[in-house]
There are 2 protein chains.
Amino acid sequence: MRVKVIVEYDGSHYSGWQRQINSDTTVQQTIERCLCKLTGKSITIHGAGRTDAGVHAVGQVFHFDEDSIPADKYASALNSKLPHDIRAISSEAVFDDFHSRFDAKGKKYRYRILNQKRPIVLQRNYAWRVYQDLDIDKMRMAAADLLGEHDFSSFMAARSFVHTSVREIYSIDIEKNREEIIIDVYGNGFLRSMVRIIAGTLVEMGHGQKDYRDMKKIIADKNRLSAGITAPASGLYLMEVEY
Amino acid sequence: MRVKVIVEYDGSHYSGWQRQINSDTTVQQTIERCLCKLTGKSITIHGAGRTDAGVHAVGQVFHFDEDSIPADKYASALNSKLPHDIRAISSEAVFDDFHSRFDAKGKKYRYRILNQKRPIVLQRNYAWRVYQDLDIDKMRMAAADLLGEHDFSSFMAARSFVHTSVREIYSIDIEKNREEIIIDVYGNGFLRSMVRIIAGTLVEMGHGQKDYRDMKKIIADKNRLSAGITAPASGLYLMEVEY
């Protein structure tokens, strides 16, 4: 039986989602250890998105194959074993050919900025503090140029190897509420660090270090050096995976 | 020279503000160790409010006496030594008879609730998750009965010993924005756990476990058992101390 689980986690204290040989503090390993305690078996889980160290998830999805517990009971069973910074939200049986990553039709990411002079203390793991004044209108105009299908090589972490760097962005919304700026990006898929490089580039355009009219040129360059900095992991949230 | 410092901290990983013999992870000790590193001297600091383990502060105030650094430089000097979950916001010279606690004319506390069925993961250290439906209007009506000067014995942690349990509450505002409920309490001073017991009582009245019309009776009882539960420390923030 194939089981699909939606999971929320605070990435602050993990070295990212994916299992690593030289770290046992990834989210995947933590969940797999709990599944082992529950079932007595070594189970591999497959996540929809490989979030980096410090990145959070509100709606990460993973699947695995196992019959020992009814599918809809895995969420509460897992929560009895998981640390408090990882919670299974729901679990259900799916078709045997369901794949959390390959079947994803869309993903929603959120990038959260606190635009203030004062250092952030309570939010230090949950946002990027930007002290320069940001022009939201310029950021919105630049973001509009990212919409649609493009080769996003300029927004891909260096030393990434992918079959194709073409992705489609369905929408980007930028909302400001007092000092908080939320960038919601929705697309069919994202390259390594893509949302963080988009956020870093938009911030540089918002405070004038880069010209906000240059976004199309940056895309056309297909060169990581043309885009802005990679925004910190702490501000990024995987919100939802659509199937 | 007497120095007044405003400090913000994430209380999640501290056993409260006050120095303790059997714990070295209090906020006071952490700051005192940094002052010792900066000045080479053993300096005692005096805080305005003794926040409990897990309680946060946005505007805690403390003072100390020391001349080795200009008063307005202590904030940045401290921040070079402090862990990231404690930040000095400002420092200034004050009159030699200033006292952070005894001179406080008013204090503002915030209590933060997330009223949702879904477990809280990213906010687990920063709010109280209440899953029962809450009637905000009933909570507001009950809160109005707390205004003014009263003997708040019913809202004082058991085994507290104080000169007087009379305090004055200047205002209580309850705001709801989606699933977030913010209770802002402003008064001339607060007894041990008073804001948390107020929050716990208001929540019990909000979901009907207690009658919202009983607040005056609870005050009159002067009995801790008449009030509601003590809300968790994670939702409480010391926002500001007024002089």
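Miscellaneous remarks
- All conditions but one from (1) within 14 Å of chain B (Cβ to nearest Cβ); (2) open to solvent by 50 Å² or more (accessible area, probe 1.4 Å); (3) assigned to a strand (DSSP E or B) apply to A:A88; the one that does not is (2).
- Test: residue in the stretch B:186-204 that is open to solvent by 10 Å² or more (accessible area, probe 1.4 Å), more than 19 Å from the chain's Cα centre (by Cα) and more than 13 Å from B:D151 (Cα to Cα): yes
- Restricting the stretch A:134-152 to residues that are in contact (Cβ under 8 Å) with a residue 24 or more places away in the chain and not in a helix (DSSP H, G or I), the residue that is nearest to A:L114 (Cα to Cα): A:L134
- Residue ID - nearest to A:Q20 (Cα to Cα), chosen from residues in the stretch A:43-53 that are modelled with pLDDT of 95 or more and among the small types (G, A, S): A:G47
- Any hit, the stretch A:167-176, residues being more than 14 Å from every other protein chain (Cβ to nearest Cβ), at pLDDT 95 or above and open to solvent by less than 20 Å² (accessible area, probe 1.4 Å): yes
- B:H63 satisfies every condition listed in (1) in contact with a Ser or Thr (Cβ under 6 Å, 6 or more places away or on another chain); (2) in a loop (DSSP other than H, G, I, E, B) except (2).
Condition check ((1) in contact (Cβ under 8 Å) with a residue 24 or more places away in the chain; (2) within 14 Å of chain A (Cβ to nearest Cβ); (3) touching a Phe, Trp or Tyr at 6+ places or on another chain (Cβ under 9 Å); (4) open to solvent by less than 60 Å² (accessible area, probe 1.4 Å)) across all residues:
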position: B:D96; (1), (2), (3), (4): yes, no, no, no
position: B:D103; (1), (2), (3), (4): yes, no, yes, yes
position: B:K108; (1), (2), (3), (4): yes, no, yes, no
position: B:N115; (1), (2), (3), (4): yes, no, yes, yes
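To keep it simple, each residue is scored yes or no on (1) of a type outside the set (A, V, I, L, M); (2) touching a residue at least 40 places away in the same chain (Cβ under 8 Å); (3) within 21 Å of A:V94 (Cα to Cα); (4) within 14 Å of another protein chain (Cβ to nearest Cβ).
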site	(1), (2), (3), (4)
A:Q18	yes, no, no, no
A:T25	yes, no, no, no
A:Q29	yes, no, no, no
A:L35	no, yes, yes, no
A:K41	yes, no, yes, no
A:V55	no, yes, no, yes
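- Within the stretch A:70-85, tally of residues that are acidic (D, E) and crowded, with 19+ Cβ neighbours inside 10 Å: 1
- Flag: A:R50 matches the condition of being out of contact with any strand residue (DSSP E or B) (no Cβ under 8 Å at 6 or more places or on another chain), closer than 18 Å to A:R101 by Cβ, of a type outside the set (D, E) and not in a strand (DSSP E or B).
- Residues of the stretch A:44-53 satisfying the condition of being over 18 Å from A:S90 (Cβ atoms) and aliphatic (A, V, I, L, M): A:A53
- Residues (under 16 Å from B:R129 (Cα atoms) and either modelled with pLDDT under 95 or in contact with a Lys or Arg (Cβ under 7 Å, 6 or more places away or on another chain) (or both)) located in the stretch B:206-232: B:G206, B:T230, B:A231
- Of all residues in the stretch A:209-243, exactly one satisfies the criterion of being more than 19 Å from A:I183 (Cβ to Cβ), outside any helix (DSSP H, G or I) and of a type in the set (K, R), namely A:K222.
- Residue pairs whose Cβ atoms lie under 7 Å apart, sitting 6 or more positions apart in sequence or on different chains, and linking a residue in the stretch A:120-133 that is farther than 17 Å from A:A199 by Cα to a partner that is of a type in the set (D, E) and crowded, with 20+ Cβ neighbours inside 10 Å, are A:V121/B:E8; A:V121/B:D10; A:L122/B:D10.
- Selected residue (criterion: surrounded by the most Cβ atoms within 10 Å (Cβ to Cβ)) from residues of the stretch B:1-23 that are aliphatic (A, V, I, L, M) and in contact with a strand residue (DSSP E or B) (Cβ under 8 Å, 6 or more places away or on another chain): B:V7
Table: residues versus (1) among the aliphatic types (A, V, I, L, M); (2) open to solvent by less than 10 Å² (accessible area, probe 1.4 Å).
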| site | (1), (2) |
| --- | --- |
| A:T25 | no, no |
| A:C34 | no, yes |
| A:L38 | yes, no |
| A:V58 | yes, no |
| A:S68 | no, no |
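The values are calculated or read from the model by the stated rules, or taken from the named source; none is laboratory data. A quick note: this is a predicted structure, and the numbers were derived from the prediction, not measured. Using ideal geometry, Cβ is built from the backbone for each residue, glycine included, and neighbour counts are taken over all protein chains shown. Side chains included, ligands, DNA and RNA excluded: accessible areas come from the protein's heavy atoms. Shrake-Rupley method; radii C 1.70, N 1.55, O 1.52, S 1.80 Å.
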